[in-house]
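Step one of this worksheet: look at the structure below.
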Amino acid sequence: MLIRYDVIIVGGSFAGLAVASRLRGRVLLIDKDEIGEGQTSACGTLLGVPQRLGLMESVLHAQDALVFHLQGRTEVMHTRNQPFCTFDYGRFCRDFAGRLDVEMLRASAQRVDGDRVVTDRGTFAGTCIVDASGWRAILARSLRPDYADRRWMSYGIETEVVSRGDYLCFWYDPSLVPRGVQWFFPCGSHVRVGVASYAGDARLRGHLDLFAESLGVAKARIHGGYFPAGLREPVVGNLFVVGDAAGQCLPFTGEGIRPALYFGQACGDIVQAVVDGRLPLEQGYLRYRQFVSRHRWMYRVMALSQLALLRLPVPISSRLIGLICREPLRGRILPGYVRFADPRALIPLPPVVRQTANRQLVLATSEA
Ligand SMILES: Cc1cc2nc3c(=O)[nH]c(=O)nc-3n(C[C@H](O)[C@H](O)[C@H](O)COP(=O)(O)OP(=O)(O)OC[C@H]3O[C@@H](n4cnc5c(N)ncnc54)[C@H](O)[C@@H]3O)c2cc1C
C-alpha cells in the first residue's frame, strides 16, 4: 500500500527542518543520515538565529567582531549590535527536530515521479513535495539534470581541532589560497579551520594542511563540500526547492544557514496554506517563486562582490574590504546585510515537545 502524506520533505538539515517547523498535518521528513549527523558547515551565523529559534543550548562561542587578514594588513569589523556565533551542528539539528511534529524516515531519496518520492526504502506519495537536499538537489535534478550547475558553486573543506580563539577570522590572500578564502572559527574548546575556493576547485587539502600548520594546529577529520554561489529556480516541476538545493547560500560570504532557515520557514507557511486548502497548489508555487524573487537583489550584490574580489588587483580589493570594515561604510553596509533574511523574521519554535513529535516511520506497510 502506498502511504500518502500532505507534505514530503527530502533533507533534514537547516532548510528541511525550517520547512517542517511551519507545518501541521501528515508530514514525512526524509534524510539519508540521522538528524544532526553529516555536518558540512563551519556553523557560523548571527547569534540572533539560535536566539530567535530558542536553540541557544547549541551555541559554542559568541563575539562582537570579525577579523579580516588581508595581504599585508589586518582589519577588524566591530559587530556589536549584530554579534556572530558558532554552534554545535548536531545539537542544533537534534534540538530543532525535537520541536517538530512530523514522521521521520532515514532513507536515501532517489528521484521524484509525479506526486511520488522514490527512496531506497520505498515510495511515498505527497500532495506537496519539498526538495531540501542540499547542493546536489537530488529531486530537482531528477526532473532537470542540468539544474545544479557546478560552474556556480564554491567548494570548501574544514577541520575541527583542539585550540582556542576569540574572534571569527577570515584570510583573503591569494598567496595563501588562489581565488579563495580561509577561516578560523572559535567554538568553545575547539576551533574550525577551513579553506574554500570560489572557483569550485576541490583540490584544497594541501592548502588546508599548510594553513593548519601556519596556525600551529594539528589537522583532524575533514568535512565540507560544495556550496552554491548563484540562486536557482525555486520551483522545478511540482517541487518546492529550498536552501542550498535552490542556490540560496549567499555568494562571497558563503552564508547559507540563515537563508536556508529564512526561506525554509517562508516556504513552509506557503505549503501549509496549500495543505489547508487556503491556496491552490499552482498559486502556492507562484507565491513561493515571488517571495524568493524579492530577495534576488541581494544575490546580485553578493555575486558582484565575489567577482570584484576575484578580478580586482589585490591591493584594491584589500583596500575595499578595509573600507567596509570601518565607518562610515560599516554602519551602512552591515545593517543592510543583516536585514536580509533577518533573524527577527524567523518564527520561534514551539517551546515544548509534543508527545506525538518525531515519530519514526515504521516501514512495514510502505510500498517497497
Ligand atoms: C566548508 C563549508 C563551511 C560552511 N560554513 C558556513 C558557515 O559558517 N555559515 C553559514 O551560514 N554557512 C556555511 N556554509 C554553507 C552552509 O553549510 C549551507 O548553506 C547550509 O548547510 C545549507 O543548508 P541546507 O539545509 O540547504 O543543506 P544541507 O545542510 O546540505 O543539508 C542537506 C540535507 O539533505 C540530506 N540529503 C542529501 N541527499 C539526500 C538524499 N538523496 N536523500 C535523503 N536525504 C538527503 C543530507 O543528509 C542533509 O541532511 C558552509 C559550507 C561549507 C561547504
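Read the figures in this text as sums done on the coordinates, not as results from a lab. The shown structure was predicted, so the numbers you read here are calculated from the model rather than taken from an experiment. With ideal geometry, Cβ positions are generated from the backbone for all residues, glycine too; neighbour counts draw on all protein chains shown.
Data table
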{"read-out": "Highest average packing first - 307-320, 189-202, 162-175, Cβ atoms within 10 Å", "value": "189-202, 162-175, 307-320"}
{"read-out": "Simple label model, 7 Å out from Cα along Cβ direction - ARG144 to GLU57, nm", "value": "4.0 nm"}
{"read-out": "Antiparallel DSSP beta bridges within the range 3-359, as percent of all bridges there, nearest 5", "value": "65 percent"}
{"read-out": "Extension reserve of the LEU320-LEU286 stretch, reckoned as 0.36 nm per residue once the Cα distance is removed", "value": "8.4 nm"}
{"read-out": "Relative contact order %, the chain, counting alpha carbon pairs below 8 Å whose residues are six or more apart", "value": "24 percent"}
{"read-out": "25 °C / 0.890 mPa s Stokes-Einstein diffusion coefficient of the range 196-268, Kirkwood radius on C-alpha pairs, µm²/s", "value": "172 µm²/s"}
{"read-out": "The chain: projected area of the alpha-carbon convex hull, averaged over directions, in nm²", "value": "17.6 nm²"}
{"read-out": "Ordering of 85-96, 288-299, 240-251, 262-273 by burial proxy (mean other Cβ atoms within 10 Å per residue, highest first)", "value": "240-251, 262-273, 85-96, 288-299"}
{"read-out": "Net length gained if the chain between ARG151 and ASP276 were fully extended (0.36 nm per residue, minus Cα distance)", "value": "41.1 nm"}
{"read-out": "Length gained when the stretch ARG339-ARG111 is fully extended (0.36 nm per residue, less Cα-Cα span)", "value": "78.5 nm"}
{"read-out": "Distance (nanometres) between label positions extended 7 Å along Cα→Cβ at VAL76 and ARG4", "value": "6.2 nm"}
